[in-house]
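Report on one structure; see the data block that follows.
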Amino acid sequence: MIPSQIAYQKPESLEEALNCVGDLGDMCKILAGGHSLIPVMKLRLADPENLVDITGIPGLKEISDAGDSISIGACATHADIANSRPIHSAAPMVSKAASMIGDIQVRNFGTIGGSIAHADPSADWPAVLLAADASINMQSRSGSRSVKASEFFLGLFMTALQTGEIITSIDIPKSAANANSNYEKFAQPASRFALVGCAVAADNSGDALADVRVAFNGVSATPFRDGGVESALTGSGLNDESISAACGVAADGVDVMSDHFASSAYRKSMAAVFAKRALKGLS
Amino acid sequence: MKTNVKITVNGTVYEREIEPRMLLVYFLREELHLTGTHIGCDTSSCGACTVHLDGKALKSCSMLAVQANGMSVTTIEGMANGEMHPLQKGFHEEHGLQCGFCTPGMIMTAADLLASNPNPTEHEIRESLEGNLCRCTGYHNIVKSIQHAAKEMQS
């Protein structure tokens, strides 16, 4: 399969890239690892006239400790993230999810920025970034802004990223909850996309669970935080009974996806199963 | 609208004028006539097109050749160095192939694994092959072939 004709540019600085995407507007797509974009271009589901490759911009691949958060550059690959020690200590669910994406070849070149900009509802990052209360930093030539993951994923392949903007980094806050976090998924066996993916984080340092965050991808067209499960657990202890009771309401009231891999009823019951597994991995 | 690229493949620098939409696997097969890299599913699933880009395993059907500009590619043709690579020998000794279609991709992925983990467990080998499919279902002997190579490379 061959994509349509395209023009290709590889700017060497962020300023140059912002001017490129600012001038081209809707006529361009931003290219990082290409592991989401190239396949859809081959299928001609995306047909951009221009590609702006941002992997030549210095610093965009970096993972750094920013004090109260870990900053992950948009062009960091899933493999870079899976192998990062600071990320593993700050938020183990982030490392674990990174190591479960696709396969070795995909993890070597696919990037976090590219994956979240594509916003496949069955990708692994959305639930993890929602549960981590992560911020997505974006820049355009008129300035920069930061939005919470909860305001970033808007629907099926839809995000808050505007024309002319480039995702530059993702901030994972250092918090007691993120340090005690986990991700589990029911992978579609061929593609490894999540039929159900569940990310959980909870502060269990006091007498009862606090700052509980439970998020799903793969379950509905828009990845979401599950308020029902979160409030059932908040204030209780972490044990088999509390986990079972809380997971009983998983994905209640959500418009659950149905496809030839899994019906909505099956997905909903798997949401409870995988939330339970994820929660049992917390300490 | 063509663009110039300079890509090192198996140690030789190639300069070509190509369409930016050309996938890396077509650059290897059709521009350089290195047909050892196979196209199986063409949808990033099967791993038959696996090559190394700057030392890391990549599905070459999922990247444009222009993205590899200035970088270094190794294909199955670059593995033997006078004599067969230990992985090639391993696949030969342990009957690691039936039809052979998936073999170049299997070997390239295994080479990436052994570079970072010279003494993998059977489980680690099986996990590392998650992105490579064999339709003859010869996985058992493929794993044995990789174990054979790991042993030889360590001795």
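Testing the spin-label approximation: label points 7 Å from Cα along Cα→Cβ at A:S231 and A:M27. State their distance in nm.
Distance between the two pseudo-spin positions: 5.1 nm.
Convert each backbone phi in segment B:100-106 into a coupling constant with the Karplus relation 6.51 cos²θ - 1.76 cosθ + 1.60 (shift: θ = phi - 60°), then list the ³J(HN,Hα) values in order as whole Hz, x for Gly and Pro.
After applying 6.51 cos²θ - 1.76 cosθ + 1.60, I find x, 5, 7, 4, x, x, 4 Hz.
Charges at C-beta only: +1 for Lys and Arg, -1 for Asp and Glu. How large is the resulting dipole of segment A:63-173 about its Cα centre, in Debye rounded to 20?
Values: 6 positive and 10 negative charges, 19 e Å.
With only Lys, Arg, Asp and Glu charged at Cβ, the dipole is about 100 debye.
For segment A:7-53, what is one quarter of the convex hull surface built on the Cα atoms, given in nm²? Kindly include the intermediate steps, with their values, before the conclusion.
Numbers: hull surface 12.3 nm².
Directional mean of the projected Cα hull area for segment A:7-53 stands at 3.1 nm².
Could you tell me which of rounded, prolate or oblate describes the protein assembly as shown, using a ≥ b ≥ c as the square roots of the eigenvalues of the alpha-carbon gyration tensor, with rounded for a/c under 1.5 and, failing that, prolate when a/b is larger than b/c and oblate otherwise?
Details: a/c = 1.92, a/b = 1.31, b/c = 1.47.
Oblate is the answer for the protein assembly as shown, as a/c is 1.5 or above yet b/c matches or exceeds a/b.
Could you give the length gained on full extension between B:T121 and B:K6, defined as 0.36 nm per residue of separation minus the Cα-Cα distance, in nm? Walk me through the numbers on the way to the answer.
Working: separation 115, 0.36 × 115 = 41.40 nm, distance 3.85 nm.
Contour length minus the Cα-Cα distance gives 37.6 nm.
What is the interface area between chains A and B, defined as buried accessible area summed over both chains with a 1.4 Å probe, reported in Å² to the nearest 100? If you can, show how the numbers build up before the last one.
Working: alone 12400 and 8300 Å², together 18290 Å².
Buried area (both sides, nearest 100 Å²): 2400 Å².
Could you work out, residue by residue across B:60-67, how many beta carbons of other chains sit within 10 Å of that residue's beta carbon, and then give the average as an integer? Could the numbers behind the result be given before it?
Numbers: counts 1, 4, 13, 5, 10, 0, 7, 11.
Counting other chains' Cβ atoms within 10 Å and averaging over B:60-67 gives 6.
Across every pair of different alpha-carbon atoms, what Kirkwood hydrodynamic radius in Å does segment B:76-155 reach?
About 12.3 Å for segment B:76-155.
Taking only DSSP H segments of four or more residues, each worth -39500 (n - 2.57), what value at 222 nm results for chain B once the sum is divided by all its residues, to the nearest 500 deg cm²/dmol?
Details: 4 runs with 45 residues, N = 155.
It lands at -9000 deg cm²/dmol.
Just which residues of segment A:88-105 lose 40 Å² or more accessible area with every protein chain there, against their chain alone, with the probe set to 1.4 Å?
A:D103, A:I104, A:Q105
What do you reckon, how do A:D47, A:D226 stack up by accessible area (1.4 Å probe), largest on top?
Numbers: A:D47 100, A:D226 10 Å².
Sorted descending by solvent-accessible area, the residues read A:D47, A:D226.
Under the classification rounded if a/c is under 1.5, otherwise prolate if a/b is larger than b/c and oblate if not, where does segment A:47-125 fall, given a ≥ b ≥ c as square roots of the Cα gyration tensor eigenvalues? Mind showing how you got there, number by number?
On the way: a/c = 1.96, a/b = 1.33, b/c = 1.47.
Here segment A:47-125 falls in the oblate category.
How long are the three semi-axes of the equivalent ellipsoid for segment B:3-78, computed from the Cα gyration tensor as the root of 5 times each eigenvalue, in whole Å, largest first? Can you show the working numbers first?
On the way: eigenvalues 59, 36, 24 Å².
Working from the Cα gyration tensor, I get semi-axes of 17, 13, 11 Å.
Hey, any idea what % of chain A's accessible area is carbon plus sulfur with a 1.4 Å probe?
Working: 5640 of 11150 Å².
Here it works out to 51 percent.
Build a GNM of chain A with springs between Cα atoms under 10 Å: which of A:A176, A:A79, A:A32 gets the top mean-square fluctuation?
Looking only at A:A176, A:A79, A:A32, the largest GNM fluctuation is found for A:A176.
If I fit a long axis through the Cα atoms of helix A:14-24 and take the longest principal axis of the Cα atoms of chain A, what angle between them do I get, 0 to 90°, rounded to 10?
Compared with the principal axis, the helix lies near 80 degrees.
Most mobile of A:A215, A:A245, A:A82 per a Gaussian network model of chain A (Cα springs, under 10 Å)?
A:A245
Tell me, what ³J(HN,Hα) does each residue in segment A:81-98 have, in order and in whole Hz, if you take phi through Karplus 6.51 cos²θ - 1.76 cosθ + 1.60 with θ = phi - 60° and put x for Gly and Pro?
So the Karplus estimates, Gly and Pro as x, are 5, 4, 9, 7, 5, x, 5, 4, 6, 6, 7, x, 5, 5, 5, 5, 4, 4 Hz.
Run a plain Debye calculation on segment A:1-142 (Cα atoms as equal point scatterers, no solvent) and give log10 I(q)/I(0) at q = 0.10, 0.12, 0.13, 0.18 Å⁻¹, rounded to two decimals, same order as the q list.
Scattering profile of segment A:1-142, log10 relative to I(0): -0.34, -0.50, -0.58, -1.08.
Leaving ligands, DNA and RNA out of it, work out the accessible area of B:C41 with a 1.4 Å probe and give it in Å² to the nearest 10.
Taking all protein chains as shown, B:C41 has close to 50 Å².
Let me know the Kirkwood hydrodynamic radius for chain B, please, with Cα pairs as the basis and the value in Å to one decimal.
Working: mean 1/r = 0.0638 Å⁻¹.
Averaging 1/r across every pair of different Cα atoms and inverting gives 15.7 Å.
Using only the Cα atoms of segment A:154-258, what semi-axes does the equivalent ellipsoid have when each is the square root of 5 times a gyration tensor eigenvalue? Give whole Å, largest first. Don't skip to the answer; put the middle values down first.
Working: eigenvalues 137, 73, 34 Å².
Each semi-axis is the square root of five times an eigenvalue, giving 26, 19, 13 Å.
If ligands, DNA and RNA are left out, what is the accessible area of B:K2 with a 1.4 Å probe, given in Å² to the nearest 10?
120
Which value at 222 nm does chain A reach when only helices count, each DSSP H run of 4 or more adding -39,500 (n - 2.57), with the total divided by all residues and rounded to the nearest 500 deg cm²/dmol? Before the final figure, lay out the partial values.
Details: 13 runs with 97 residues, N = 283.
Here the helix-only value at 222 nm equals -9000 deg cm²/dmol.
Connecting C-alpha atoms closer than 10 Å in a GNM of chain A, tell me which of A:Q105, A:Q139, A:Q188 has the biggest fluctuation.
A:Q105
Quick one: ranking B:E83, B:E152 by accessible area, 1.4 Å probe, largest first, what do you get? Present the calculation step by step, with values, prior to reporting the outcome.
On the way: B:E83 115, B:E152 65 Å².
Highest to lowest solvent-accessible surface, that is B:E83, B:E152.
Find which of A:S242, A:S191, A:T222 sits farthest along the positive direction of the dipole of segment A:177-280, computed with +1 on the beta-carbon of Lys and Arg, -1 on that of Asp and Glu, about the Cα centre.
Selected residue: A:S191.
Using amide H atoms built in the peptide plane, which far-off residues or other-chain residues are under 5 Å from A:I63 H to H?
A:G73
Using the Karplus equation 6.51 cos²θ - 1.76 cosθ + 1.60 (θ = phi - 60°), what ³J(HN,Hα) coupling, rounded to whole Hz, does each residue of segment A:105-122 give in order, writing x for Gly and Pro?
4, 5, 5, 5, 10, x, 10, 5, x, x, 5, 6, 5, 6, 6, 5, x, 9
Tell me which trypsin sites (Lys or Arg not before Pro) from segment A:1-84 have a DSSP coil assignment and no more than 14 other beta carbons within 10 Å of their own.
Working: sites: A:K29, A:K42, A:R44, A:K61; in loops: A:R44, A:K61.
Listed in order of number, the matching sites are A:R44.
Sorting B:E122, A:E12, B:E31 by accessible area (1.4 Å probe), largest first, what list results?
On the way: B:E122 90, A:E12 140, B:E31 55 Å².
From most exposed to least exposed: A:E12, B:E122, B:E31.
Just to confirm, what accessible area per residue do you get for the protein assembly as shown at 1.4 Å probe, in whole Å²?
Details: 18290 Å² over 438 residues.
Averaged over the residues of the protein assembly as shown, the accessible area is 42 Å².
Just how large is the dipole of the protein assembly as shown about the Cα centre, in debye to the nearest 20, putting +1 at every Lys and Arg Cβ and -1 at every Asp and Glu Cβ?
On the way: 33 positive and 47 negative charges, 119 e Å.
That gives the protein assembly as shown a dipole magnitude of about 580 debye.
Give me the extension gain from B:E15 to B:H95: residue separation times 0.36 nm, minus the current Cα-Cα distance, reported in nm with one decimal. Display every interim value, and only then the final one.
Details: separation 80, 0.36 × 80 = 28.80 nm, distance 3.80 nm.
Answer, rounded to one decimal: 25.0 nm.
Rounded to the nearest 20 Debye, what is the dipole magnitude of segment A:113-166 about its Cα centre when Lys and Arg each give +1 and Asp and Glu each give -1 at the C-beta?
220
The values are calculated or read from the model by the stated rules, or taken from the named source; none is laboratory data. All of these numbers come straight from a predicted model, not from anything done at the bench. Ideal geometry is used to build each Cβ from the backbone, glycine not excepted, and the neighbour counts take in all protein chains shown. Side chains are part of the model used for accessible areas, which takes the heavy atoms of the whole protein and leaves out ligands, DNA and RNA. Shrake-Rupley method; radii C 1.70, N 1.55, O 1.52, S 1.80 Å.
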